[in-house]
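This report refers to the structure that appears directly beneath it.
The values are calculated or read from the model by the stated rules, or taken from the named source; none is laboratory data. No experiment lies behind these values; they were computed from the predicted model shown. Virtual Cβ from ideal backbone geometry, glycine too; neighbours counted across all protein chains shown.
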Ligand code: GUN
Ligand code: FE
């Protein structure tokens, strides 16, 4: 459930940590009013307050404070392909449009220019935390980590491991080469200095692209690399599309199933982020739960490249951690709001499928997901998939202040339709906060995201 609190004061200390909250604002809370930020306005634009001057953000009518979104799955090198290639299914899509786009990142200068723009655009859509796949290139992926770091985005950045079944010109020459580059990236990201006052924002993540693109030897080496770093996050794709699944079974005849491939190599564990998971078997679902891995639900992409529909209700019923992923450019845009809307539609379509919906009477399986669950997926759910639930995901004293000022302006107002100018939503006189949140989630887009804060620092937005 969401606790709505209509008037409270939220204090942020100069190191970006939530210091105090008046009222009982509990977990999964959406807060109406942020009264005080303990940073001065000038420094807030640039960085962190050094002297703790008080600046105030008082929300206007139609505005509320939402925990920052977590995008648990996206591909930075694919952004130039956004909104293209939608006629393909996964395997052809990879070969015809995706690998050629990623190959361009061998040019490190291009990488710096592209990734600066990617991070700027992602932040404008509201993900304060983002799990990025890079390309297979070390230098380009370092540039991606640099851009996240300097923009102040919380991020996981991984270099794709792929030593087979790609193209002749876009594939790593050997498992050893792949591992060495991965180790170099981990080292590099660990040298990025943390914020002056908090723990690092940018983390390395081990990124075997998917089982098809990794030889047995590479997966084995990645497994030992992972065991050297037991806390490190891992991300990969799983059970997205029918052809992908049957090819995986062909390549790993000794594995019991797709999830079993990753498990065989020690890559299925707490902190593993499994992208898609559209067609997991009962055995696989149980294994994912047992290993405490999380799932990145990517509904926009799953519709766009016709992969399937993930049974999120079932996963949540089993206590599996689930977050949302935009999966750019399988998805059309780095928009978590769009992803929320498509997660909602996915669950509604599943609920209309009698063979699925009639089997379940309690829990979420087979039902349309409620608003509180959808908001959870976009925030605290994503945070727990990344093992950051103790740090971010909602407004609790001691957590870091990652937040959005959501804005649903009223009728009239300055400019085209007032506020950010989205003609599709506006608040009505008697709207409760609950109604406002619903309007934002289902009618909103980036124009309704006024300001974006990571760890108390303003990193994006059109406000002020
Ligand atoms: N499977 C392997 N690589 C990819 C990718 O880049 N995008 C998606 N959607 N699935 C994949
Ligand atoms: Fe993906």
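Structure values in brief
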| item | result |
| --- | --- |
| Odd one out for residue 288, checked against (1) closer than 30 Å to residue 406 by Cα; (2) assigned to a helix (DSSP H, G or I) | (1) |
| When residues of the stretch 329-339 are limited to those that are out of contact with any strand residue (DSSP E or B) (no Cβ under 7 Å at 6 or more places or on another chain) and part of a helix (DSSP H, G or I), the one farthest from ligand 2 (Cβ to nearest atom) | 337 |
| Some residue of the stretch 212-234 being crowded, with 23+ Cβ neighbours inside 10 Å and under 21 Å from residue 311 (Cβ atoms) | no |
| Flag for residue 266 being in a loop (DSSP other than H, G, I, E, B), within 16 Å of ligand 2 (Cβ to nearest atom), out of contact with any strand residue (DSSP E or B) (no Cβ under 7 Å at 6 or more places or on another chain) and over 15 Å from residue 385 (Cα atoms) | no |
| Subset of the stretch 300-309 [out of contact with any helix residue (DSSP H, G or I) (no Cβ under 8 Å at 6 or more places or on another chain) and buried (at least 24 other Cβ atoms within 10 Å of the Cβ)] | 301 |
| Evaluation of residue 243 against (1) away from ligand 2 (no atom under 16 Å from the Cβ); (2) surrounded by fewer than 22 Cβ atoms within 10 Å (Cβ to Cβ) (one fails), failing number | (1) |
| Of residues in the stretch 77-97 being touching a strand residue (DSSP E or B) at 6+ places or on another chain (Cβ under 8 Å) and away from ligand 1 (no atom under 11 Å from the Cβ), the one nearest to residue 400 (Cα to Cα) | 79 |
| Test: residue in the stretch 166-180 that is in contact (Cβ under 8 Å) with a residue 12 or more places away in the chain and within 14 Å of residue 205 (Cβ to Cβ) | no |
| The stretch 310-328, residues that are buried (at least 20 other Cβ atoms within 10 Å of the Cβ) and assigned to a loop (DSSP other than H, G, I, E, B) | 310, 311, 320, 325, 326, 327 |
| Test result for residue 124, surrounded by fewer than 24 Cβ atoms within 10 Å (Cβ to Cβ), on the phi < 0 side of the Ramachandran plot and touching a helix residue (DSSP H, G or I) at 6+ places or on another chain (Cβ under 6 Å) | yes |
| Output for the stretch 217-242, where each listed residue is in a loop (DSSP other than H, G, I, E, B) and under 14 Å from residue 182 (Cα atoms) | 229, 232 |
| Test: residue in the stretch 76-86 that is in contact (Cβ under 8 Å) with a residue 60 or more places away in the chain, crowded, with 24+ Cβ neighbours inside 10 Å and not in a helix (DSSP H, G or I) | no |
| Of all residues making up the stretch 374-402, the number that are part of a helix (DSSP H, G or I) and in contact with a helix residue (DSSP H, G or I) (Cβ under 6 Å, 6 or more places away or on another chain) | 2 |
| Matching entry among 181, 145, 155 (being in a helix (DSSP H, G or I), at pLDDT 95 or above and crowded, with 24+ Cβ neighbours inside 10 Å) | 145 |
| Residues that are surrounded by fewer than 17 Cβ atoms within 10 Å (Cβ to Cβ) and either on the phi < 0 side of the Ramachandran plot or in a strand (DSSP E or B) (or both), drawn from the stretch 434-464 | 434, 435, 442, 443, 462, 463 |
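Residues checked against (1) in contact (Cβ under 8 Å) with a residue 12 or more places away in the chain; (2) assigned by TED's automatic domain parsing to the domain that holds residue 322; (3) within 17 Å of the chain's Cα centre (by Cα):
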| site | (1), (2), (3) |
| --- | --- |
| 364 | yes, yes, no |
| 397 | yes, no, no |
| 406 | yes, no, no |
| 410 | yes, no, no |
| 417 | no, no, no |
| 437 | yes, no, no |
| 451 | yes, no, no |
